[in-house]
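The values are calculated or read from the model by the stated rules, or taken from the named source; none is laboratory data. Bear in mind that the values here come from a model prediction, so they are computed numbers and not experimental data. Virtual Cβ from ideal backbone geometry, glycine too; neighbours counted across all protein chains shown. Note: areas computed on protein heavy atoms with side chains; ligands, DNA, RNA excluded. Shrake-Rupley method; radii C 1.70, N 1.55, O 1.52, S 1.80 Å.
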Amino acid sequence: MSSGKESRYALILAAGKGTRFRSDLPKVLHRLCGRPMIEYLLETLSATGIDRIFVVVGPGDDPVRQALQGRHLDFVVQERQLGTGHAVQCAVAALSGLEGSLLVLYGDTPFVEPQALERLIQEREELDADQTLLTIELEDPTGYGRIIRDQSGRVVEVIEEKEASPVQKRIREIHAGFNCFKIPALREAVFEIRNENQAGEYYLTDLPKIFAARGGRVEAVLHEPSMSLLGINDRVQLSEADRILRRRIRDAWMSKGVTMINADTILIDSTVEIGADSVLYPGAILEGRTSIASACTIGPGCHLVDAIIEAGARLDGYCIVRDSRIGAGSFVGPFAHLRQNAAVGERCRVGNFVEVKQSSLGDETKAAHLSYLGDARIGSEVNIGAGTITCNYDGLRKHQTQIGDGAFVGSGSQLVAPVRIGRDAYVAAGSTITEDVPDGALGLARQRQIVKPGWAAERRRKCQDEK
Ligand code: UD1
Ligand code: CA
């Protein structure tokens, strides 16, 4: 019987080259809903109560190792990728002295649920089996290892696609790629794996046959049909998995009180947070560490990357917000572009075709139309007229613009930085401001207008004469 106290370890195989991905990036680092696929597996394991996690990676400065730096993991190096069986052989030294259960997982099956792993471990412990493996019946088993059972129904062998006879290929029960081993038994058997097969690979899936020959015990745990067990071997499967996961993410947020219009068109990374009573319009894309508070509106086609949207803010259509913050109750867009630490205060208005870069706007400030605000510190209750431009770049360096609380910048002004517009100061429309405007002053920097009465009629007459 299960003691419930046996030690539990996990080994993730993540050294494969991902030949079918045709990529320089290791397969398990390809992203699903904004995160490397291997991270999902690590998260699931942390919910499964595992004592230690080992990860098999490639040699040297392996990108997988780099990507997982700082986590509590033990890395095992597989110098050359000679197959899943070989990967486990490489890990044996690291397992020396350990007893209990070892889950062996493939880094390219990210969606498995903790319950499925739990069941695999429990079953192994209770039966004191050498190996338990998860199986599933598929309509189309192509590509997976097929489960061979004897007359009494015992698993005696797993046959890889490349080795299977036409009759075996018709078997629909497959090896889903989740195994649990009794560690001492694994240690004894794993080096019996040979690579004398079509692929010249060391197959981990040779182990059931090896255990059977040694009189050991292998048990299959048949799982109900589920997308959560499928492997990701190429970019088509990656895209399919991404689609499935995004649906799950949307459904989860909807169940927490988020409204989505035409939800299928909305893309939300797994790292995003959204508050209740927020409404997302079609085509919204929310990526990275984006966090949306409650009762916000994200209009159609908005693209948010690492954006912070505070309570009740509204984004009209087609805004792009990157690494920036929008304060509570502000109204932004349509077609606004906020980037590089733009910080919009509360109850602000940032209107159409306004770009804000590395600038802050105090509360209740308005920039309603057609502006570029870069490297500017703008106070509260400021009015930035249509077409105002901060001229922040002199061709070599960027310079700061400062605008005090309550200032009024007339339309079509250019503020040539570095420059300071004082508190409650005015800038006359159409000014090119090159010198500071003190608090409460008016800055006026444009040609005085000339009016010539009757000029138009005179010109017309001249043109007639010339004909
Ligand atoms: C594997 C199984 C197959 C199962 C399927 C389930 C084997 C031989 N086959 O096939 O029975 O139905 O998964 O999804 O195990 N890896 C290494 N080092 C290596 C080779 C692979 O670390 O030398 C890693 C890869 O990064 C990958 C995982 O092992 O994450 C699985 O390898 P993969 O080549 O995808 O195996 P499949 O052909 O899918
Ligand atoms: Ca695979």
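Annotation: per residue accessible area for the range 1-96 equals 48 Å², rounded to a whole number [probe 1.4 Å, protein chains only].
Taking every alpha-carbon pair under 8 Å whose residues sit at least 6 apart, the chain reaches a relative contact order of 8 percent. Surface composition of the chain: carbon and sulfur atoms hold 48% of the protein heavy-atom accessible area at a 1.4 Å probe.
Under the simplified labelling scheme, the VAL279-ALA252 pair shows an inter-label distance of 2.6 nm, with each label point 7 Å from Cα along Cα→Cβ. Taking packing as the residue-averaged number of other Cβ atoms within 10 angstrom, the listed peptides 266-275, 55-64, 252-261, 193-202 run from highest to lowest as 266-275, 55-64, 252-261, 193-202. Between LYS452 and ARG423, the contour length at 0.36 nm per residue exceeds the alpha carbon distance by 6.7 nm. Here the label points at ALA311 and ASP51, each 7 Å from Cα along the C-beta direction, are separated by 4.8 nm in the simple model. Ratio of Rg to Rh for the range 312-450: 0.97 [Cα atoms; Kirkwood radius as inverse mean 1/r over pairs].
Once the mean of 1/r is taken over each pair of separate Cα atoms and inverted, the chain shows a Kirkwood hydrodynamic radius of 26.6 Å. Restricting attention to the chain, the count of lysine pairs at 8 or more positions apart or across chains with alpha carbons under 26 Å apart stands at 13.
Straightening the chain between ASN197 and ARG243 buys 13.0 nm, computed as 0.36 nm per residue apart minus the Cα-Cα spacing.
Entry comment: accessible area of the range 182-240 is 51 Å² per residue, from protein heavy atoms only and a probe of 1.4 Å. Distances between placed amide hydrogens fall under 5 Å for PHE75 paired with VAL55, all partners being 5 or more residues away or on another chain. Each residue, GLU188 and ALA441, gets one label point 7 Å from its Cα in the Cβ direction; the gap between the two is 9.2 nm.
Ranking PHE353, PHE181 from most to least accessible surface, computed with a 1.4 Å probe over the protein chains only, gives PHE353, PHE181. Computed from phi, the 3J(HN,Hα) profile of the range 459-467 under the Karplus parametrisation 6.51, -1.76, 1.60 (θ = phi - 60°) reads 5, 4, 4, 4, 4, 4, 4, 5, 5 Hz, with x in place of Gly and Pro.
Between GLY18 and LYS27, the built amide H atoms are under 5 Å apart, and every one of these is 5 or more places off in sequence or on another chain. Taking amide H positions as modeled 1.01 Å from N, with prolines and chain starts lacking one, the residues under 5 Å from ALA376 and 5 or more places away or on another chain are SER359, SER360, THR401. If both residues of a DSSP beta bridge must be in the chain, then about 20% of such bridges are antiparallel.
Per residue of the chain, the DSSP helices (runs of n ≥ 4 H) give a summed -39500 (n - 2.57) that works out to -5500 deg cm²/dmol at 222 nm.
Under the 0.36 nm per residue contour assumption, what length would be gained going from the current alpha-carbon distance of GLN340 and ARG289 to full extension? Stretched fully, the GLN340-ARG289 segment lengthens by 16.9 nm. Please state the relative contact order of the range 145-277 as a whole percent: Cα pairs under 8 Å, 6+ residues apart? The normalised contact order for the range 145-277 reaches 19 percent.
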